[in-house]
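Below you'll find the structure, written out as C-alpha cells, and then a few comments.
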Ligand code: SAH
Ligand code: SF4
C-alpha cells in the first residue's frame, strides 16, 4: 500500500528527497496549489515525480457524503483507505461584508471541526460517537487531510484564514502524538499555515495528558468538555471522570500555558433537568474562580434513542445571565447545522441507519 505523504513533515520529506528544497516545492503544490496528482508538480524533475507517484498517495480520504445546513454549515463524511468513516464540519462563522460602495470589508470567517479518531473509547452517555465504539487512531496526515479536502472542495484560497477545532469524532488527547504532530504540520508556512493559536483542542479531561500537552508548550488553545460541576453527575455522564475527577482537571489547567490574551474554554452541554439549574451555575462560578476561563453553553442535540432532552431556551439564558452577572465570560453556542445533525458522530450514525434501512 502507498504511504500517505501528508503524514510527513517537510523535514521528514527532505530526508528522502535531494536536494532538500524540493520538499518545500512539494509542500506548496499540495497545500497552496491543491494539486490532485504528482504529475501536476511541474517544477519537479520527471523521475522524482514518478518516484513520488510510486511511493505515496496524495489523497488518503474520499468524500462519501456532504450535507449542507440552512445556516450554511456543511458536514462531510469521509471514507478512509480501510473503509472507516469519519466526519468533519465546515462552519462559516461570519458572513462576508461590504461597505456602501460595494467594497469587500471582510471575508467569510471559517472554522473547520475535525476528527482525531475513528470512534472514541471514552464512552460519554450523551454522545453518539461513543455508541459506535472505538476503531483506531487517525494518523497526523489523516487529520490534516480533512482540512485540505474541505478547503479544496469549497475553493477556499490558500491564504484565507481558517480556525480549527478538534471537536469532531474522538478524544484528541487519547491520540496525543498524532494530534500534536498534526498541530505542527498545520502550522508550516509552506503547508496550510494555520498557527497553533488558531487551533483548539477539545478534551473530555484526561488530566495527565493535559499536563503532557502543557509541557510541549505548542501555543494551542484548550477547551474542556466539563458538562457537570459535581463528580457524581459528571461520572454518570462521562465515565472518564472516575479516573480523572474535576479537581484533577482544574489542577492540570492551572499549570497549562495560556497566551496572555487567551482563555481556556469550558464547554457545558446543557441537558434538560440534568444540569440546567441555577444551583449548578453557582457551583460553576465557584469552580472557575481564579482561572482565565470562558464558558460556552451548548444545547444538547437529541438523537434517536438518547436519554436526554434539549433544554428550554429560558433556562439556558438564565444560566448564562447568572454566570455573566458573577463575572464569567459566557457565550451560548448557536446550534449550527441542527438540521444536518451536526453534533459529533451524528452524520455518521444517520448514514449508517440510512444504509441499514436500504439493506433491510
Ligand atoms: N472528545 C472531545 C472532542 C470531541 S466531542 C471532547 O469530548 O471534548 C466535541 C463536543 O461535542 C463535546 O463538547 C461534546 O460534549 C459535544 N457533543 C457530543 N454529543 C453532543 C450532542 N448530542 N449534542 C451537542 N453536543 C454534543
Ligand atoms: Fe468521546 Fe468526546 Fe464523544 Fe465523549 S463527547 S464519547 S470524549 S467524542
remark   = As a percent rounded to 5, the proportion of antiparallel DSSP bridges among beta bridges in the chain is 45
query = How do the peptides 20-26, 136-142, 77-83 rank, highest first, by the average count of neighbouring beta carbon atoms within 10 Å per residue?
reply = 136-142, 20-26, 77-83
query = Over what distance in Å are the Cα centres of region 228-250 and region 261-310 separated?
reply = 13
ask   = Which whole-angstrom value gives the distance between the alpha carbon centres of region 1-58 and region 111-181?
value = 24
request  = Take peptides 34-45, 279-290 and line them up by average Cβ neighbours within 10 Å, highest first, as a rough protection proxy.
outcome  = 279-290, 34-45
remark   = Put in order of increasing Cβ neighbours within 10 Å, starting from the fewest, 319, 256 give 256, 319
request  = Treating the angle as unsigned and between 0 and 90°, give the value, to the nearest 10°, between the Cα long axis of helix 176-187 and the longest Cα principal axis of the chain.
outcome  = 60
note = Taking Cα atoms, the helix 207-216 axis meets the longest principal axis of the chain at an angle in degrees (rounded to 10) of 40
key: Sum of -39500 (n - 2.57) over DSSP H runs of 4+, divided by residues of the chain (222 nm, nearest 500)   = -10000 deg cm²/dmol
request  = Please arrange 27, 244, 76 by counting, for each residue, the other beta carbons lying within 10 Å of its beta carbon, fewest first.
outcome  = 244, 27, 76
ask   = For helix 278-287, what angle does its Cα long axis make with the longest principal axis of the chain, in degrees from 0 to 90 and rounded to 10?
value = 60
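Bear in mind that the values in this text are calculations on the coordinates, not laboratory data. From a predicted model like this one, the values you see are computed outputs, not experimental measurements. Here Cβ is always computed from backbone atoms with ideal geometry, including for glycine, and neighbour counts include all displayed protein chains.
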